[in-house]
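Asks: Sharing a structure here in structure tokens format.
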Amino acid sequence: MDTGDMAVDMERTLLILGAGSLGQVVAEMAQMSGRYTKIAFLDDRPTPEKERQYAIVGRTDEIAAFRGEYAYAIPAIGCNEARLSLMKRLKTLGFAVPCMVHPSAFVSPLAEIGDGSIVRAKAAIARQTCVGEACLINLGALIDHGCVIGEGSHIPMGCVVRNEVQLPPMSSFRPNEVVQ
């Protein structure tokens, strides 16, 4: 996903941890943002198909070796515990960990989204809601006003979190579930 041989501005480099389906979605979101000119992956289970499509430059246990080459890094792993653990490791190593928000998602300007969180297409996050670090807010999830979503949580497709709900870290639900 490197855009050419020209000199790469370090502030426009992104390393994605995980080249599976979530990592691929994050790469697409990063490309749509126009912010990154160099995007690569660390993946523990590379396949020939992944390697044909994506720049897989190493394994996740090799993160530290890439600090001088990438300014930004984000974990794109479906497992809540692994995603949060990797996000904390990235910060310890000095990477900037962005949140990724799909352009079709609605996030109130009065909401807060933590580092390393991923907000997918058509999700909506209302005012005065705080989404913790390394959360995954999936396709079409709706989070009403005044909620607190604990770090490392996953709000799946179509899930609705009603107003003023406070969720502990690592929360996870079923698709289309209503959380009150």
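Asks: On a 0 to 90° scale, report how tilted helix 80-92 is relative to the longest principal axis of the chain, with both axes built from alpha carbons and the result rounded to the nearest 10.
Replies: Helix 80-92 sits roughly 60 degrees off the main axis of the chain.
Asks: Something else now. With θ set to phi - 60° and the Karplus curve 6.51 cos²θ - 1.76 cosθ + 1.60, what are the ³J(HN,Hα) couplings of segment 53-67 in order, to the nearest whole Hz, using x for Gly and Pro?
Replies: 8, 10, 7, 9, 9, x, 9, 5, 6, 9, 3, 4, 5, 9, 4
Asks: On to the next question. Around VAL179, which amide H atoms from residues at least 5 apart in sequence, or from another chain, sit under 5 Å from its own amide H, with H modelled in the peptide plane?
Replies: VAL160, VAL161, ARG162
Asks: Return the calculated 222 nm mean residue ellipticity for the chain, to the nearest 500 deg cm²/dmol, obtained by summing -39500 (n - 2.57) across DSSP H runs with n ≥ 4 and dividing by the residue count. Could the numbers behind the result be given before it?
Replies: Numbers: 3 runs with 32 residues, N = 180.
Mean residue ellipticity, 222 nm, calculated: -5500 deg cm²/dmol.
Asks: Let me cross-check LEU167: its accessible surface, 1.4 Å probe, with only protein heavy atoms counted, in Å² to the nearest 10?
Replies: 20
Asks: May I ask you to work out the translational diffusion coefficient for the chain at 10 °C, viscosity 1.306 mPa s, via Stokes-Einstein with Rh from the Kirkwood sum over Cα pairs, reported in whole µm²/s? If you can, show how the numbers build up before the last one.
Replies: On the way: Rh = 16.3 Å.
Estimated diffusion coefficient is 97 µm²/s.
Asks: Report, as a whole number in µm² per second, the diffusion coefficient that Stokes-Einstein gives for segment 91-180 at 37 °C and 0.692 mPa s using the Kirkwood radius over alpha carbon pairs. Don't skip to the answer; put the middle values down first.
Replies: Working: Rh = 12.5 Å.
Stokes-Einstein gives a translational diffusion coefficient of 262 µm²/s.
Asks: Also, I was wondering about something else. Over the chain, what is the mean sequence separation of C-alpha contacts under 8 Å (at least six apart), divided by residue count, expressed as relative contact order in percent? Before the final figure, lay out the partial values.
Replies: Details: 461 pairs, mean separation 25.5, N = 180.
That works out to 14 percent.
Asks: Return the percentage of antiparallel bridges among DSSP beta bridges fully within segment 73-180, rounded to the nearest 5 %.
Replies: The answer is about 0 percent antiparallel.
Asks: Still on this model: Heads up, I need the accessible area for GLU28: 1.4 angstrom probe, whole protein in place, Å², nearest 10.
Replies: GLU28 exposes around 100 Å² with every protein chain in place.
Asks: Can you give the accessible area of ILE143 in Å² (nearest 10), computed on protein heavy atoms with a 1.4 Å probe?
Replies: Per-residue accessible area (ILE143): approximately 10 Å².
Asks: Report the extension gain between THR60 and ASP9 in nm, rounded to one decimal, defined as 0.36 nm multiplied by the number of residues separating them, less their alpha carbon distance. Working shown, then result.
Replies: Values: separation 51, 0.36 × 51 = 18.36 nm, distance 2.31 nm.
Stretched fully, the THR60-ASP9 segment lengthens by 16.0 nm.
Asks: 5 Å is the cut-off here: which amide hydrogens, built 1.01 Å from N in the peptide plane, fall below it relative to LEU136, excluding neighbours closer than 5 in sequence?
Replies: Counting only residues 5 or more places away or on other chains, the set is ILE118, SER153, HIS154, ILE155.
Asks: Here's something else I'd like to know. To the nearest 10 degrees, how steep is helix 21-33 against the longest Cα principal axis of the chain, on a 0 to 90 scale?
Replies: Roughly 80 degrees between the two axes.
Asks: Right, something else. Which one of ALA65, VAL25, LEU15 has its Cα pushed farthest toward the positive end of the charge dipole of the chain, where Lys and Arg give +1 and Asp and Glu give -1 at the Cβ?
Replies: Of ALA65, VAL25, LEU15, it is VAL25.
Asks: Give the carbon-plus-sulfur fraction of the accessible surface of segment 58-180 in %, rounded to a whole number; probe 1.4 Å, heavy atoms of protein chains only.
Replies: Result for segment 58-180: 54 percent of the exposed heavy-atom area is carbon or sulfur.
Asks: Could you order LEU93, LEU142 so the one with the most accessible surface comes first? Probe is 1.4 Å.
Replies: Details: LEU93 55, LEU142 80 Å².
Output order, biggest surface exposure first: LEU142, LEU93.
Asks: Express the accessible area of the chain per residue in Å², computed with a 1.4 Å probe while the remaining protein chains stay in the model. Please report the intermediate quantities before stating the final value.
Replies: Numbers: 8500 Å² over 180 residues.
Value returned for the chain: 47 Å² of accessible area per residue.
The values are calculated or read from the model by the stated rules, or taken from the named source; none is laboratory data. As the structure is a prediction and not an experimental result, all values here were calculated from the model. Every residue, glycine as well, gets a Cβ built from its backbone with ideal geometry; the counts of neighbours run over all protein chains shown. Quick note on the areas: whole protein, heavy atoms, side chains included, nothing else; ligands and nucleic acids left out. Shrake-Rupley method; radii C 1.70, N 1.55, O 1.52, S 1.80 Å.
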